[in-house]
Amino acid sequence: MSRLTALTLALVLAAGTAGCGVARGDDAELTIYSGRSEELVGPLLAQFNSSTGIPIAVRYGSTSEIALLIAEEGAGSPADVFLSQSPGATGFLLREGLLADIEAEQLQAVPERFRSPDGRWVGVTARQRVLVYNSEMVDEADLPDSVMGVTQPPYAGRVAVAPTNGSFQDFVTAMRQVEGEEATLEWLTALADGGAPTYANNNTIVEAVSRGEVPMGLVNHYYNARFLAEDPDLPSRNHVFPGGDLGALLLETTASIMATTDQRGDAEAFVEFLLSEDAQRYFAEQTFEYPLAAGVQAPAGLPPLDTLEVPNVDLAELGEGLERTTELIRDSGLEQS
């Protein structure tokens, strides 16, 4: 076991299991390993439990931590379903041979680019990478045109990142795919050397930007949308890097069924529920993510999904080298503060 894997497993196991009112131990339970936070998906999982009567047990953690835990558990994992914030972590488990086939009808509920080419995972929602900024500290006209420029003056040391966050790690993997490993390490090292503020996740970055602790940060679009829905007077704004820049990367959340599940029928019911109109509307209206199925419209105030200018990145390949990506981030000197 690598040092990274051992550390990650220790963190996950120390966190314990968070349940939706049901403890593990009953073979009839559907066990969901969730890389999405309880704040975001807890109400939806409770709705599934209430509407179907299927008892569930949920383990929450960061997407990369949960994926590494499943890989370590292997054939003995109690997980029936993996709900992932990150297509990269899902691709990692696919290469480990731990994902089962998804029903064709469920795969076809979403556009082709948001589902596994070999039918082992399906996209649930999409999120765009953006630069959130404090409009009282930064003039819109002074914002960078490319994410590659945030390491240079006048942005160096003023753009916050979340090194351990799954979406940031997927973005770094996409940079490796587009720019190459050497250029990616140079970019990460420049962030670290320039004193880029680091945080645990997107949410804490947006909080920091909103209160003026830092002027800018790289996050997913929907976090600031949620903040502004609660308090429209906040000075935080989203800047989308133009022209299909890598910084405007579109990432999907995914659902997959574990190859070792003994609750296949319930697992399929859960995936079907996530792609239902009710669940997709929940994501659009409550979390401000782009729904991928059931014809539900984009959240109010956001452009339609098919109008976004996004970089040409193979999302199915983001699972390549997850551990190498985390090694590069660590080697660059970026550390969570």
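Here are a few things to note about the model shown:
- When the residues of region 250-281 are filtered to those that are part of a helix (DSSP H, G or I) and aliphatic (A, V, I, L, M), the one that is farthest from A75 (Cα to Cα) is A279.
- The one condition in (1) assigned by TED's automatic domain parsing to the domain that holds A104; (2) surrounded by fewer than 19 Cβ atoms within 10 Å (Cβ to Cβ); (3) within 18 Å of the chain's Cα centre (by Cα) that A269 fails to fulfil: (3)
- Qualifying residue in region 193-201 (condition: more than 23 Å from S37 (Cα to Cα) and assigned to a helix (DSSP H, G or I)): yes
- Taken together, the residues in region 225-257 that are within 23 Å of S64 (Cβ to Cβ) and touching a strand residue (DSSP E or B) at 6+ places or on another chain (Cβ under 7 Å) amount to 11.
- Boolean, R226 is within 20 Å of G333 (Cβ to Cβ), assigned to a helix (DSSP H, G or I) and either modelled with pLDDT under 95 or among the polar types (S, T, N, Q) (or both): no
- Flag if A183 is under 28 Å from E252 (Cβ atoms), among the small types (G, A, S) and under 21 Å from the mean Cα position of the chain (by Cα): no
- Residue check for R264: of a type in the set (K, R), in contact with a strand residue (DSSP E or B) (Cβ under 9 Å, 6 or more places away or on another chain) and surrounded by fewer than 16 Cβ atoms within 10 Å (Cβ to Cβ): yes
- The set of residues in region 216-233 that are touching a residue at least 24 places away in the same chain (Cβ under 8 Å) and either in contact with a Phe, Trp or Tyr (Cβ under 6 Å, 6 or more places away or on another chain) or of a type in the set (D, E) (or both) comprises M216, Y222, A225, R226.
- Subset of region 131-188 [without any contact (Cβ under 8 Å) to a residue 60 or more places away in the chain and of a type in the set (S, T, Y)]: T151
- Sole exception among (1) within 21 Å of N49 (Cα to Cα); (2) part of a helix (DSSP H, G or I) for G247, by number: (1)
- Residue pairs meeting the criteria (Cβ under 6 Å; at least 6 apart or on separate chains; first farther than 26 Å from Q169 by Cβ, in region 35-52; second surrounded by 13 or more Cβ atoms within 10 Å (Cβ to Cβ) and not acidic (D, E)): A46/C20; F48/F273; N49/C20; N49/I56
- Residue in region 168-175 that is outside any strand (DSSP E or B), buried (at least 23 other Cβ atoms within 10 Å of the Cβ) and among the acidic types (D, E) present: yes
The values are calculated or read from the model by the stated rules, or taken from the named source; none is laboratory data. It should be emphasised that the depicted structure is a prediction, and the values quoted were computed from it without experimental measurement. Glycine gets a Cβ as well: all are built from the backbone with ideal geometry, and neighbour counts include every protein chain shown.
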